[in-house]
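**Q** Let me begin by handing over the structure; questions about it come next.
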Amino acid sequence: MKIIDIIEKKKNSEELSEEEIKYFIDGYTKNDITDYQAAALVMAICINGMTEKEIVYLTKAMAYSGDVLDFKDIADNTVDKHSTGGIGDKITLILSPIIASLGVSIAKMSGRGLGITGGTIDKLQSIPGYRTDITIEEFKNNVKEHGISLIGQSLNLVPADKKLYALRDSIGCTNSIPLIASSIMSKKIAAGAEHIILDVTCGSGAFMRNKKDAIIISKIMKKIGDNSGKDVMCILTNMNEPVGYSIGNSLEVVEAIKALKGEMADDVKEIILTFGAFILKMAGKGEDLIKNKDKIMEVIQNGKAYEKFKELVVAQNGDVSYIENPEKFEKAPIIIPVLSEETGYVSSLNAELIGKASVLLGAGREKKEDDIDKKVGIVLCKKVGDQLSKGDIIAYVHASNETKANETIQMIKSAYKYSKKPVRKTRVILEIL
Ligand code: URA
């Protein structure tokens with residue numbers, strides 16, 4: 001078999017066989033296939049797509065490119081939650097300790113930022129000392145001892161995705177349904193949890209720009225789950241507007257800490273309660289969704305969820321004093337308010353533009369080898385539906401220098417659109433599949 005023939009085949013929109021897909025994944029993982037050959041094939045997949053059969057083969061080959069874990073001897077009903085990516089999406093940081101504090105084990109492998117979307121791993125790494133690269137033994141042990149572990153892809157889990165993820169990011173191939181579905185589901189299969197709940201984001205700040213594509217990818221991921229004996233549920237959420245108020249790595253950790261102490265933006269709360277209620281149901285902890293939501297509010301109010309987050313940070317070597325005193329997180333040298341130029345109501349807030357502005361500030365990567373500046377980002381003060389007057393502060397830019405700050409101020413201003421008439425808040429949960 002030759003990689004050039006496989007590239008030719010996909011270039012001509014032909015269906016690849018299971019053997020051909022496995023040959024590519026094995027060869028690329030072992031560095032026998034070069035980055036430029038992989039880039040050519042990935043681009044052909046991105047342009048010509050894949051059949052459902054090919055996506056299932058690709059996912060399987062990726063999942064088994066490294067170790068595949070099993071938690072059955074450690075904990076029952078382990079749950080893994082994953083988002084297809086968004087702007088300001090700090091849900092995993094908040095939801096995971098809430099669920100773990102209710103006795104459901106969370107074993108989760110997260111990703112780095114991709115395109116304009118942020119990554120949970122980059123956010124966790126902004127907590128000084130937090131290790132996302134613990135060994136498999138430590139990962140399993142943390143799930144057993146603490147009921148929670150959040151790690152990156154540095155273990156020998158899905159090495160194929162680690163390489164493909166960075167490659168896609170650097171060649172403009174992030175928004176491809178076959179590549180997103182296989183990337184997410186290969187990680188979920190390898191990380192070993194029994195139940196998988198997927199936040200399928202949809203809108204200007206997401207890879208799936210419309211509901212139709214979000215439904216297509218959800219059905220594919222559910223099918224992959226069926227094929228691998230995993231219980232998969234998909235919830236479509238709106239990503240036309242960023243989630244919560246902060247965008248940027250340590251800024252989002254600080255917002256997550258506040259949320260765990262009960263101070264939560266309305267959209268964050270709706271997502272947490274909806275996902276949390278379904279997770280408890282999937283894990284056999286309660287059939288009644290309303291009662292499940294009450295249980296979630298209770299562990300936030302009595303501090304158990306916040307304590308569980310601290311326990312996670314300590315278990316993964318992080319400096320917990322930053323969680324206890326969030327003002328310790330290093331601040332960007334320049335913090336500038338952005339002012340409204342109109343009076344009225346916010347009618348829309350373009351998540352894509354806010355995402356692009358945050359990458360420009362250095363909160364995300366333009367190239368795969370770029371370092372992220374953990375301190376920079378944007379803190380929104382007004383969201384869709386909010387009333388405001390000309391001159392009110394709509395956001396703060398946290399920048400490393402004035403040039404970047406000034407460039408992003410214009411982008412943020414153009415992300416906001418206004419109406420003279422009152423506007424309804426955005427509906428966050430769009431569909432449950
Ligand atoms: N999350 C992933 O893990 N992979 C993607 O391709 C997109 C979002």
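**Q** Suppose every K and R has +1 on its Cβ and every D and E has -1 on its Cβ; what is the size of the dipole of the chain about the Cα centre, in Debye to the nearest 20?
**A** I would put it at about 1000 debye.
**Q** Long-range amide H contacts for residue 428: which residues qualify at under 5 Å (H placed 1.01 Å from N, peptide plane, sequence gap of 5 or more or a different chain)?
**A** none
**Q** Quick one: length gained pulling residue 209 to residue 76 fully straight, 0.36 nm per residue minus the C-alpha distance?
**A** Contour length minus Cα-Cα distance gives 44.3 nm.
**Q** May I pose another question? Ranking 195, 146, 398 by Cβ neighbours within 10 Å, fewest first, what do you get?
**A** Going from sparsest to densest Cβ surroundings: 146, 195, 398.
**Q** Give me 92, 135, 59 sorted ascending by neighbouring Cβ count inside 10 Å, so fewest comes first.
**A** 135, 92, 59
**Q** Could you state the number of Å between the C-alpha centres of region 316-364 and region 109-179?
**A** If you average the Cα positions of each part, the centres end up 22 Å apart.
**Q** Based on alpha-carbon atoms only, what is the radius of gyration of region 262-366 relative to the globular estimate 2.2 N^0.38 Å?
**A** Rounded to two decimals, the normalised Rg is 1.45.
**Q** Return the sequence-ordered ³J(HN,Hα) values of region 106-114 in whole Hz as given by the Karplus equation 6.51 cos²θ - 1.76 cosθ + 1.60 applied to θ = phi - 60°, using x for Gly and Pro.
**A** 10, 10, 9, 10, 9, x, 7, x, 9
**Q** In square nanometres, what is one fourth of the surface area of the convex hull spanned by the alpha carbons of the chain? Each step should come with its number before you reach the end.
**A** On the way: hull surface 78.9 nm².
Across all orientations, the chain yields a mean hull projection of 19.7 nm².
**Q** Right, another one. Taking the Cα centre of the chain as the origin and placing charges on Cβ (Lys, Arg +1; Asp, Glu -1), which of 147, 180, 353 is farthest toward the positive end of the dipole?
**A** The residue sitting farthest along the positive end of the dipole is 353.
**Q** What base-10 log of the normalised intensity I(q)/I(0) is obtained for region 288-433 from the Debye formula, alpha carbons as equal point scatterers, at q = 0.11, 0.15, 0.16 Å⁻¹?
**A** Log-scaled intensity ratios, in q order: -0.63, -1.02, -1.07.
**Q** List the lysines whose alpha-carbon lies under 20 Å from that of residue 11, not counting same-chain residues fewer than 8 positions away?
**A** Correct list for residue 11: 2, 22, 53.
**Q** Taking 1 over the mean of 1/r across every pair of different Cα atoms in region 79-324, what Kirkwood radius in Å do you get?
**A** Every distinct Cα pair counted, the radius reaches 17.8 Å.
**Q** Roughly speaking, what is the centre-to-centre gap between region 1-39 and region 376-433 when only Cα atoms are used, to the nearest Å?
**A** 43
**Q** Also: Can you give the charge dipole size of region 130-197 about its Cα centre, rounded to the nearest 20 debye, using +1 on the beta carbon of Lys and Arg and -1 on the beta carbon of Asp and Glu?
**A** 160
**Q** Send over the semi-axes of region 1-126's equivalent ellipsoid, whole angstrom and largest first, taken as the square roots of 5 times the C-alpha gyration tensor eigenvalues.
**A** Output for region 1-126: semi-axes of 34, 18, 13 Å.
**Q** Taking the Cα atoms of region 3-49 alone, what are Rg (to one decimal) and Dmax (as a whole number) in Å?
**A** Just the Cα atoms of region 3-49 yield Rg and Dmax of 9.7, 26 Å.
**Q** Largest first and in whole Å, what are the equivalent-ellipsoid semi-axes of region 323-397 based on the Cα gyration tensor, each being the root of 5 times an eigenvalue?
**A** Numbers: eigenvalues 135, 56, 22 Å².
Semi-axes (√(5λ), whole Å): 26, 17, 11.
**Q** Going by Cα centres, region 254-305 and region 220-235 are how many Å apart?
**A** Using only Cα atoms to place each centre, the spacing works out to 24 Å.
**Q** Right, here's the next one. Picking from 229, 248, 115, which is most flexible by a Gaussian network model of the chain using Cα springs under 10 Å?
**A** Residue with maximal mean-square fluctuation among 229, 248, 115: 229.
**Q** In addition: Check every DSSP H run in the chain and write down those whose alpha carbon atoms cover 27 angstrom or more along the long axis and whose mean Kyte-Doolittle hydropathy is 0.0 or greater.
**A** The qualifying helices: there are none.
**Q** Using a Förster radius of 25 Å, what is the FRET efficiency between residue 53 and residue 4 based on their Cβ-Cβ separation? Nearest 0.05, please.
**A** The pair residue 53/residue 4 has a calculated efficiency of 0.65.
We did not get these values from a lab; they are worked out from the coordinates using the rules stated. From a predicted model like this one, the values you see are computed outputs, not experimental measurements. Don't worry about glycine lacking a Cβ; one is built from the backbone with ideal geometry, like all the others, and counts go over all protein chains shown.
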